[in-house]
Amino acid sequence: MKKKELEERVADIEGSIMCMECKDHLDSDDYLQLGYLNQELASAKKDLENGNYEL
């Protein structure tokens, strides 16, 4: 994955997290999805910080 693609992925995940957090009521599936998104976000940010992307 290229740096720009990784940056776009981070932005997409952050947007998805914000949308979920704006919901009035989260059910158990929402909490699971939110946890998954947070893990994906942490992984993508770590890849960006460590330079784990194609040039």
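The table for this structure:
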| item | result |
| --- | --- |
| Residues (within 15 Å of the chain's Cα centre (by Cα), acidic (Asp, Glu) and either modelled with pLDDT under 95 or closer than 23 Å to Met1 by Cα (or both)) located in the stretch 16-55 | Glu21, Glu40, Asp47, Glu49 |
| Conditions (1) part of a helix (DSSP H, G or I); (2) surrounded by fewer than 13 Cβ atoms within 10 Å (Cβ to Cβ); number of the one not met by Lys23 | (1) |
| Residue selected from the stretch 3-15 under the condition under 9 Å from the mean Cα position of the chain (by Cα) and either farther than 16 Å from Tyr53 by Cβ or touching a residue at least 24 places away in the same chain (Cβ under 8 Å) (or both), by the criterion surrounded by the fewest Cβ atoms within 10 Å (Cβ to Cβ) | Gly15 |
| Every pair of residues 6+ apart whose Cβ atoms lie under 7 Å, when the first sits in the stretch 27-53 and is free of Cβ contacts under 8 Å to residues at least 12 places away in the same chain while the second is surrounded by 11 or more Cβ atoms within 10 Å (Cβ to Cβ) and aliphatic (A, V, I, L, M) | Asp30/Met20 |
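The values are calculated or read from the model by the stated rules, or taken from the named source; none is laboratory data. Remember, predicted model here, so these are calculated numbers, not experimental data. All Cβ positions, even for glycine, are placed from backbone atoms using ideal geometry, and neighbour counts span all protein chains on display.
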